[in-house]
Amino acid sequence: MFAIKKRAVCALLTGATALFFINSAGAGIPIVHWTQPSGAQVFLVESPGIAMVDVRLEFDAGSRRDPTDKPGLASLMASSTTYGVRATPESPALDENSLSDAWADLGAAFGGNASSDRLGFSLRSLTYPDILPKAVALAARQLAEPAYPESLWLRDRPKLIASLKEADTRPATLAARAFNRAVYGNHPYGFETTADAVNRITVADMRALHARALRACDAKVSIVGALNRAQADALVTQLLSRLPPVPCAPQPVVPEIQPLQAASEQRIEFASAQAHVLLGQPGFRRNDPDFFALTVGNHILGGGGFTARLTEEVREKRGLTYSVYSYFAPGMHAGAFTIGLQTRPDQAQQALDLVREVLGKFVAEGPTEKELQAAKDNLIGGFALRIDSNRKLLDNVANIAWNGLPLDYLDTWTAQVEKLTVNDVRNAFARVVQPQRMAAVVLGAP
């Protein structure tokens with residue numbers, strides 16, 4: 001056992017930073033996709049250079065489906081699978097420590113988390129025949145048979161509540177919370193996990209969500225590693241084999257985010273050295289046909305760091321802030337478009353007015369040819385860094401799987417960026433971004 005553990009740990013430490021080398025001649029990244037009899041969809045990239053595999057299973061059970069009075073339930077349910085697994089007729093129970101030790105002995109890792117849209121579980125293991133079958137079997141148990149002992153939840157809940165209350169003392173938390181309410185209204189994207197909500201969540205809630213959310217029929221499984229299709233198919237079958245069969249009726253529809261009808265501005269008093277300024281609105285869905293135009297345009301506006309127009313105007317020319325940024329957060333719904341900065345409280349209004357001016361001009365006129373070409377060069381030149389490890393590549397494959405993107409999405413990414421014109425960016429921003437109907441939050445200024 002010691003030899004297995006030592007070999008596994010050493011190889012995983014090497015693999016954690018291993019590069020997924022892409023053929024410089026442009027051979028592409030072949031993604032193989034198939035659907036299992038259960039309905040689970042599998043997306044595989046073979047990466048045989050290192051004897052390891054990364055797997056991600058995702059379900060449509062992210063926080064957008066949390067009960068309105070219990071935001072945070074999906075995330076807590078997923079993370080609490082580490083509390084142990086219950087006994088079955090063929091397998092003994094494993095408590096929290098025994099489960100942790102079992103993973104350490106294999107030199108592998110498995111865990112869950114939830115984002116706004118997705119409930120996901122990730123497995124990393126070596127593919128040696130004396131390790132991978134054991135890791136997959138253990139992951140299948142933790143996925144399907146978590147114990148959710150009440151004593152451990154009652155142990156950890158006060159610590160989580162204390163952490164949330166401490167976060168409520170931070171100006172950034174309060175500003176972001178007010179901004180999310182202003183942008184999302186009553187949509188679940190704007191729900192915040194609070195101490196009161198955590199107090200209402202029970203292990204019975206976790207068990208009930210687990211039972212209805214983890215359905216093999218709508219699982220999307222992304223795999224990058226030293227496995228061929230047959231091996232990957234067998235791995236997925238085993239991972240999902242212990243999930244109970246449940247009806248695969250369509251999930252309830254989550255309503256769309258409503259566009260803002262008018263501008264709004266909130267001033268929040270807070271004794272802080274810096275004022276927090278946020279400006280934004282609902283943005284666009286991930287499947288928007290103008291995704292590339294909006295992404296490149298935002299790089300020019302505020303996402304490109306020191307080369308961005310907002311940085312040039314607000315920081316370099318006027319010295320109103322150290323950092324100003326903008327970003328889109330597209331998901332299954334129109335995630336927020338956000339511009340943010342911190343500045344001296346007495347400069348907050350000047351900074352906000354300037355940001356509005358820069359944004360309005362960008363939406364009306366679009367970027368210059370020089371700005372567009374610089375953004376293209378930067379993004380295309382940095383594309384390799386998006387896929388330079390198995391884990392980064394897995395993130396991209398999971399993005400393709402979840403959003404129904406073409407299997408050659410990564411192969412055509414640079415071409416999609418290169419073909420954009422100034423008109424493409426200007427028209428996309430004019431359609432999506434409405435400078436006259438934005439929510440502003442200023443916390444900490446008079």
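The values are calculated or read from the model by the stated rules, or taken from the named source; none is laboratory data. Keep in mind that this is a model prediction, so the values were computed, not measured. Cβ coordinates were reconstructed from backbone atoms using ideal geometry, including for glycine residues, and neighbour counts include every protein chain displayed.
Observations
- Among (1) outside any helix (DSSP H, G or I); (2) within 26 Å of Val224 (Cβ to Cβ); (3) touching a strand residue (DSSP E or B) at 6+ places or on another chain (Cβ under 6 Å), the one test that Val397 misses: (1)
- Qualifying residue in the range 108-124 (condition: assigned by TED's automatic domain parsing to the domain that holds Val53, farther than 30 Å from Glu46 by Cβ and in a helix (DSSP H, G or I)): no
- Meets criteria (modelled with pLDDT of 95 or more, outside the structural domain of Gly185 (by TED's automatic domain parsing) and in contact with a strand residue (DSSP E or B) (Cβ under 8 Å, 6 or more places away or on another chain)) for Pro282: yes
Per-residue answers, yes or no, for (1) surrounded by 16 or more Cβ atoms within 10 Å (Cβ to Cβ); (2) without any contact (Cβ under 8 Å) to a residue 24 or more places away in the chain; (3) in contact with a Cys (Cβ under 6 Å, 6 or more places away or on another chain); (4) farther than 20 Å from Phe284 by Cβ:
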| position | (1), (2), (3), (4) |
| --- | --- |
| Pro345 | yes, no, no, yes |
| Ala348 | yes, no, no, yes |
| Lys361 | no, yes, no, yes |
| Gly381 | no, yes, no, yes |
| Asn396 | yes, yes, no, no |
| Gln416 | no, no, no, no |
| Thr421 | no, no, no, no |
| Asp424 | yes, no, no, no |
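- Only strands (runs of 3 or more DSSP E) whose full extent lies in the range 262-348 are considered here, and the ones with at least 1 residues that are of a type in the set (A, V, I, L, M, F, W, C) and within 20 Å of the chain's Cα centre (by Cα) are 324-328, 336-343.
- For the residues Ala262, Ala273, Ala249, Ala293, the requirement of being at pLDDT 95 or above and more than 29 Å from Leu379 (Cβ to Cβ) singles out Ala262.
- Out of Ser116, Ser122, sole residue that is touching a strand residue (DSSP E or B) at 6+ places or on another chain (Cβ under 7 Å), buried (at least 18 other Cβ atoms within 10 Å of the Cβ) and of a type in the set (S, T, N, Q): Ser122
- All positions within the range 366-379 that are over 15 Å from Thr295 (Cα atoms) and surrounded by 12 or more Cβ atoms within 10 Å (Cβ to Cβ): Thr368
- Yes/no for Thr169 being part of a loop (DSSP other than H, G, I, E, B), assigned by TED's automatic domain parsing to the domain that holds Ala216 and either surrounded by fewer than 17 Cβ atoms within 10 Å (Cβ to Cβ) or at pLDDT 95 or above (or both): yes
- Residues of the range 179-212 that turn out to be among the aliphatic types (A, V, I, L, M) and either touching a strand residue (DSSP E or B) at 6+ places or on another chain (Cβ under 6 Å) or surrounded by fewer than 19 Cβ atoms within 10 Å (Cβ to Cβ) (or both), as a count: 6
- Ser91 vs. criteria closer than 30 Å to Asp205 by Cβ, modelled with pLDDT under 95 and more than 22 Å from the chain's Cα centre (by Cα): yes
- Boolean, Arg309 is of a type outside the set (Val, Ile, Thr), at pLDDT 95 or above, within 20 Å of Val417 (Cβ to Cβ) and touching a His at 6+ places or on another chain (Cβ under 7 Å): no
- Which listed residue is at pLDDT below 95 and not in a loop (DSSP other than H, G, I, E, B), from Arg386, Arg356, Arg426, Arg431: Arg386
- Taking the listed residues Ala273, Ala308, the one that is touching a helix residue (DSSP H, G or I) at 6+ places or on another chain (Cβ under 7 Å), of a type in the set (A, V, I, L, M, F, W, C) and assigned by TED's automatic domain parsing to the domain that holds Gly381 is Ala308, with no other qualifying.
- Those residues of the range 351-382 which are within 30 Å of Gln274 (Cβ to Cβ) and among the acidic types (Asp, Glu), in sequence order: Asp353, Glu357, Glu371
- The set of residues in the range 36-65 that are surrounded by fewer than 21 Cβ atoms within 10 Å (Cβ to Cβ), part of a strand (DSSP E or B) and among the charged types (D, E, K, R) contains only Glu46.
- For beta carbons closer than 8 Å, sequence separation of 6+ or different chains, a first residue in the range 265-278 that is within 17 Å of Thr321 (Cβ to Cβ) and a second that is hydroxyl-bearing (Ser, Thr, Tyr) and surrounded by 12 or more Cβ atoms within 10 Å (Cβ to Cβ), the qualifying pairs are Gln274/Thr343; Ala275/Thr343; Val277/Thr343; Leu278/Thr338.
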